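J.: What follows is a structure written as structure tokens; I'll ask about it next.
The values are calculated or read from the model by the stated rules, or taken from the named source; none is laboratory data. This structure is a prediction, so every number in the text was calculated from the model and none was measured. Here Cβ is always computed from backbone atoms with ideal geometry, including for glycine, and neighbour counts include all displayed protein chains.
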Amino acid sequence: MTASPHVVGVIGANGFIGNRIVEMLHLGGVHDVRPIVRQASGLALASRFALAGRIADAFDEAAIEAALQGCDIVVHALAGDHRAIVGTVGTVYRAAERAGCKRLVYLSSAMVHGQSPPPGCDDATPLSHKQPIHYNLSKIKAEERLFALRRKRRLEAVALRPGIVFGPRSQWIGGLADSLLTGEAYLIDGGEGLCNAIYVDNLVEGIVRAFDAPAADGEAFLLGDAETPRWEEVYRRVAGAVGVDMASVPSLGFTAPMPGLMDRVDEWRQSAPVRAALDALPKSLSRGLGAFWAASGALPPPPPKGPNPTLEMALLQRAQHVPGWERAHRLLGYAPVVQADEAWARTLAWLAFAGYPTGARDG
Amino acid sequence: MSGAISIAIVGCGAVTQEYYLPAMLARRDRIALFGVHDRDAASMDAIGRHFPGAQRVGSFEALVALGADLVIVASPPSVHAEQAIAALHAGSHVLCEKPMALGLDTATAMAQAAGAAGRLLAVNMVRRHLPATRIVERLIAAGGLGALRAIRAFEGGPFRWPIRDQSYFSREVSGGGILADIGTHIVDLLSLWFEAPTFVRYEDDAMGGVEANALLHLRCGDAPAALRLSRDWERPNAIELDFEHGAISWRAADVSGVELRLKDGGGAMRVGEEAAFTFEECFGAQIDAMAEAIAGRPARLCTAQEALPTVTLIERAYRERETMAMPWLQPVGARS
């Protein structure tokens, strides 16, 4: 990591990546880190270090501004739905600028290029708005808002585009272990596709590099690991750790179904405005509405038990190209600090710690 | 409302709003809420507005002066002792949230104050009222399972309790992290089901603050017990009790029943009650039990005296804590 000390506000500090940023910056001993979360309960992990956090909703510009007072760097690591991804970029940017921050580092995603990026895709490849996965479009929109603000205003901005971020507390690991243990895991086409993996500590290394790199302002950077595994290898490592025979994990094909009426009704029901309206109702009434929906037959039936392949996973596991991160190396000075064997040793040690049946620990 | 028990509540935060409020609303005909007190006016209003007769008082002293039969102490653990003792001295009975106190000295002082005042002081070990934990108690008491061989528990998940501010995560305010919070419940249940567990070893992940993960090793008689607690990651929440002739598995999500497996075959069966029961109803059951005990009738309670061994054990665990092994934690090349 670079040695220029900063006071770093981390928005979304309770998430997988946000928490690891807090841990690494605090334990690294160079920077002062300030966890910022929407609810006090989100400070459970930061409170292991007795770090003083701030409670602020990323939609609340004044609250974020107050939370960022004294910070010179802000990392926007908030995860969430489309509304959260797109709607908080502007509030955080403006709040950080008014709070006197020097630079905003925004956690975007390599998925802006799609789950199966075309051959030759790299940092210079224009982003396509014709993508079937909503998450990708949300991240593209968020980046566009960020850089539109940057062009008009003072606060420096950098967007980072990691791929499949894995490591301790990653859903790609814990969630995969869960699905392997419940028999819901599956491979698409044998998992022969490339996994654009990045170990979380390497991502944090990239984030820290982005604090100071002069040429980074106004730019977006892909980040990755030194090695690119196939999906089958990722599965095999986790399955081996939790004692699941890979022969029991089915290899499926996938044909994307056209969304039906019920899917569209459910999508509307899950949309942010509808959910916000439901959240505002008294619990008894919202429960009643839930029962109504269930009884009306308007909801899609629950998926059958067992593997339920999704379009997103099919695209991911069919990837034949992983965009390189040479530009991040050149302009940020980025290079992975944790290599694959160490990354997996750390990840699998966490699986045991987290209570998965690895046989590695009593407790 | 003749014969109703009068109640005053100090502390109108999450536990009061989430659990005591519905329990009291369901008992309007049997309880009279005299007053509420909280330093946060909005929280106080959240309770008081449901009970037009309840006074929203600006100080704890004014609350105690209302002379309620029962004072529910639902404030942060750091003030449990001071408030419980004051309420007992004023002649009220007290139901205190867990953890009862931050250490054995203060817990003992609380128990002694109850004795001196001739009033009841109970700790809200609410899980004692769950049908599932009662079933475990009966299965063990029936004796057919033979000797206890081992206990394993995993409990927790990402922390979502609607706390007001970060002071909840202060050792000075809450006494600790998840061990003081959830560990207290599990140790209490083990004490209820078996002889009081003894301390073996404790480790957690606190690094200057309070723990989000903990591993407590105990012994219940000859049997080892490993209690893994987490505010961090979701795993199936379960207590597994392994006996000579069978095993009991209780998943916390099933408040009404447990799984019983016999080693001589027959597979697993659910032993439980079919009647709907929710965790929230335990708080009502606790209030009912207090009313019974105050009326001089037998009731299912954890008295202060009975809670002291748990306080002792938790205090010792923190005193002898070791840091959990977390080989992924230190950044590569970080200053140690």
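J.: Is it the case that some residue within region B:202-209 is surrounded by 23 or more Cβ atoms within 10 Å (Cβ to Cβ), among the aromatic types (Phe, Trp, Tyr) and touching an Asp or Glu at 6+ places or on another chain (Cβ under 7 Å)?
T.: Yes, region B:202-209 contains at least one residue that is surrounded by 23 or more Cβ atoms within 10 Å (Cβ to Cβ), among the aromatic types (Phe, Trp, Tyr) and touching an Asp or Glu at 6+ places or on another chain (Cβ under 7 Å).
J.: Examine region B:98-107 for a residue that is among the charged types (D, E, K, R) and surrounded by 23 or more Cβ atoms within 10 Å (Cβ to Cβ), and state whether such a residue exists.
T.: Going residue by residue through region B:98-107, those that are among the charged types (D, E, K, R) are B:98, B:105.
Now narrow it down to the ones that are surrounded by 23 or more Cβ atoms within 10 Å (Cβ to Cβ): B:98.
Yes, because at least one residue in region B:98-107 is among the charged types (D, E, K, R) and surrounded by 23 or more Cβ atoms within 10 Å (Cβ to Cβ).
J.: Residues in region A:293-335 that are in a loop (DSSP other than H, G, I, E, B) and at pLDDT below 80: how many?
T.: Taking region A:293-335 as the starting set, the residues that turn out to be in a loop (DSSP other than H, G, I, E, B) are A:297-310, A:318-325, A:333-335.
Retained after the next criterion (residues that are at pLDDT below 80): A:297-304.
Counting residues in region A:293-335 that are in a loop (DSSP other than H, G, I, E, B) and at pLDDT below 80 gives 8.
J.: In region A:57-67, what count of residues is obtained for those that are free of Cβ contacts under 8 Å to residues at least 40 places away in the same chain and either within 9 Å of chain B (Cβ to nearest Cβ) or small (Gly, Ala, Ser) (or both)?
T.: As a first pass, look at region A:57-67 and keep what is free of Cβ contacts under 8 Å to residues at least 40 places away in the same chain: A:57, A:59-63, A:65-66.
Filter once more, so that each one left must be either within 9 Å of chain B (Cβ to nearest Cβ) or small (Gly, Ala, Ser) (or both): A:62-63, A:66.
Adding up the residues that qualify gives 3.
J.: Still on this model: Looking at A:Ser47, is it over 25 Å from A:Glu144 (Cβ atoms) and either modelled with pLDDT of 95 or more or within 13 Å of chain B (Cβ to nearest Cβ) (or both)? Break it down stepwise before answering.
T.: On the way: over 25 Å from A:Glu144 (Cβ atoms): yes; either modelled with pLDDT of 95 or more or within 13 Å of chain B (Cβ to nearest Cβ) (or both): yes.
Criteria met by A:Ser47.
J.: Could you run through region A:323-349 and say how many residues are surrounded by fewer than 21 Cβ atoms within 10 Å (Cβ to Cβ) and either within 10 Å of chain B (Cβ to nearest Cβ) or of a type in the set (A, V, I, L, M, F, W, C) (or both)?
T.: Of the residues in that region, 8 qualify.
J.: If you scan region B:55-96, which residues turn out to be part of a strand (DSSP E or B) and touching an Asp or Glu at 6+ places or on another chain (Cβ under 9 Å)?
T.: Taking region B:55-96 first, the residues part of a strand (DSSP E or B) are B:55-56, B:70-73, B:93-96.
Selection gives B:Arg56, B:Ile72, B:Val73, B:His93.
J.: Out of A:Ala226, A:Ala185, report the one residue that is within 14 Å of chain B (Cβ to nearest Cβ) and assigned to a loop (DSSP other than H, G, I, E, B).
T.: On the way: A:Ala185 fails: within 14 Å of chain B (Cβ to nearest Cβ).
Within the list A:Ala226, A:Ala185, the selection yields A:Ala226.
J.: Can you spot a residue in region A:122-132 that is within 24 Å of A:Val338 (Cβ to Cβ) and modelled with pLDDT under 95?
T.: yes
J.: For B:Gly265, indicate whether it is free of Cβ contacts under 8 Å to residues at least 12 places away in the same chain and either out of contact with any Gly (no Cβ under 8 Å at 6 or more places or on another chain) or surrounded by fewer than 19 Cβ atoms within 10 Å (Cβ to Cβ) (or both).
T.: Values: free of Cβ contacts under 8 Å to residues at least 12 places away in the same chain: yes; either out of contact with any Gly (no Cβ under 8 Å at 6 or more places or on another chain) or surrounded by fewer than 19 Cβ atoms within 10 Å (Cβ to Cβ) (or both): yes.
Considered against the rule, which asks whether it is free of Cβ contacts under 8 Å to residues at least 12 places away in the same chain and either out of contact with any Gly (no Cβ under 8 Å at 6 or more places or on another chain) or surrounded by fewer than 19 Cβ atoms within 10 Å (Cβ to Cβ) (or both), B:Gly265 comes out as yes.
J.: Going through A:Gly359, A:Gly290 one at a time, which residue ends up being modelled with pLDDT under 90 and more than 14 Å from chain B (Cβ to nearest Cβ)?
T.: On the way: A:Gly359 fails: more than 14 Å from chain B (Cβ to nearest Cβ).
Being modelled with pLDDT under 90 and more than 14 Å from chain B (Cβ to nearest Cβ) holds for just one of A:Gly359, A:Gly290, which is A:Gly290.
J.: Then there is this: Take the conditions touching a Gly at 6+ places or on another chain (Cβ under 9 Å) and either in a loop (DSSP other than H, G, I, E, B) or closer than 21 Å to B:Arg300 by Cα (or both) and apply them to B:Gly115. Does it pass? It would help to see each step written out before you state the result.
T.: Values: touching a Gly at 6+ places or on another chain (Cβ under 9 Å): no; either in a loop (DSSP other than H, G, I, E, B) or closer than 21 Å to B:Arg300 by Cα (or both): yes.
No, not satisfied.
J.: Of the residues that sit in region A:1-41 and are within 8 Å of chain B (Cβ to nearest Cβ) and of a type in the set (Gly, Ala, Ser), which one is nearest to A:Ala67 (Cα to Cα)?
T.: Per the stated criteria, the residue is A:Ala40.
J.: Against the condition modelled with pLDDT of 95 or more, within 25 Å of A:Ala314 (Cα to Cα), away from chain B (no Cβ under 14 Å) and in contact with a strand residue (DSSP E or B) (Cβ under 7 Å, 6 or more places away or on another chain), how does A:Ala157 come out, does it pass? Break it down into steps so the answer makes sense when it comes.
T.: On the way: modelled with pLDDT of 95 or more: yes; within 25 Å of A:Ala314 (Cα to Cα): no; away from chain B (no Cβ under 14 Å): yes; in contact with a strand residue (DSSP E or B) (Cβ under 7 Å, 6 or more places away or on another chain): yes.
In short, no.
J.: Shifting gears a bit: Just checking, which of A:Arg145, A:Arg150 is within 25 Å of A:Ala95 (Cβ to Cβ), among the basic types (Lys, Arg) and in contact with a strand residue (DSSP E or B) (Cβ under 7 Å, 6 or more places away or on another chain)? Steps first, please.
T.: Working: A:Arg145 fails: in contact with a strand residue (DSSP E or B) (Cβ under 7 Å, 6 or more places away or on another chain).
On inspection, the qualifying residue turns out to be A:Arg150.
J.: Which residue out of A:Asp178, A:Asp217, A:Asp189 is among the charged types (D, E, K, R), surrounded by fewer than 24 Cβ atoms within 10 Å (Cβ to Cβ) and under 20 Å from the mean Cα position of the chain (by Cα)?
T.: Numbers: A:Asp217 fails: under 20 Å from the mean Cα position of the chain (by Cα); A:Asp189 fails: under 20 Å from the mean Cα position of the chain (by Cα).
A:Asp178 is the lone residue from the list that is among the charged types (D, E, K, R), surrounded by fewer than 24 Cβ atoms within 10 Å (Cβ to Cβ) and under 20 Å from the mean Cα position of the chain (by Cα).
J.: Quick one: is A:Gly70 farther than 30 Å from A:Leu316 by Cα, crowded, with 24+ Cβ neighbours inside 10 Å and away from chain B (no Cβ under 12 Å)? Please lay out each step first, then the result.
T.: Numbers: farther than 30 Å from A:Leu316 by Cα: yes; crowded, with 24+ Cβ neighbours inside 10 Å: no; away from chain B (no Cβ under 12 Å): yes.
No, not satisfied.
J.: Working only within region B:188-201, note down all residues that are touching an Asp or Glu at 6+ places or on another chain (Cβ under 9 Å) and within 14 Å of chain A (Cβ to nearest Cβ).
T.: Correct list: B:Arg201 only.
J.: Still on this structure, please answer the following. Among the numbered criteria (1) within 30 Å of A:Val337 (Cα to Cα); (2) in contact (Cβ under 8 Å) with a residue 40 or more places away in the chain; (3) among the small types (Gly, Ala, Ser), which single criterion is violated by B:Gly284?
T.: Result: B:Gly284 passes all but (1).
J.: Here is a further query. Determine which single condition B:Asp188 fails, assuming it passes every other condition in (1) more than 21 Å from B:Ala253 (Cα to Cα); (2) modelled with pLDDT of 95 or more.
T.: Failing condition for B:Asp188: (1).
J.: Name every residue in region B:118-158 that is within 14 Å of another protein chain (Cβ to nearest Cβ), out of contact with any Pro (no Cβ under 6 Å at 6 or more places or on another chain), among the small types (Gly, Ala, Ser) and part of a strand (DSSP E or B), in order of residue number. Explain how you work it out, then say what you get.
T.: Initial filter on region B:118-158 (within 14 Å of another protein chain (Cβ to nearest Cβ)): B:150-158.
Right, trim to out of contact with any Pro (no Cβ under 6 Å at 6 or more places or on another chain) and you get B:151-158.
Retained after the next criterion (residues that are among the small types (Gly, Ala, Ser)): B:153, B:156-157.
Across region B:118-158, the qualifying residues are B:Ala153, B:Gly156.
J.: Restricting the first residue to region B:21-49 and requiring it to be among the acidic types (Asp, Glu), which pairs with a second residue that is at pLDDT 95 or above and part of a helix (DSSP H, G or I) meet a Cβ separation below 6 Å and a spacing of at least six or different chains?
T.: Cβ pairs passing all conditions: B:Asp38/B:Met44.
J.: Exactly one of (1) under 19 Å from B:Ala90 (Cα atoms); (2) assigned to a loop (DSSP other than H, G, I, E, B) is unmet by B:Ser6. Its number?
T.: Tallying (1) under 19 Å from B:Ala90 (Cα atoms); (2) assigned to a loop (DSSP other than H, G, I, E, B), B:Ser6 fails exactly one: (2).
J.: B:Gly176 versus (1) in contact with a Leu (Cβ under 9 Å, 6 or more places away or on another chain); (2) part of a loop (DSSP other than H, G, I, E, B); (3) away from chain A (no Cβ under 14 Å); (4) not aromatic (Phe, Trp, Tyr): which is the lone unmet condition?
T.: Unmet condition: (3).
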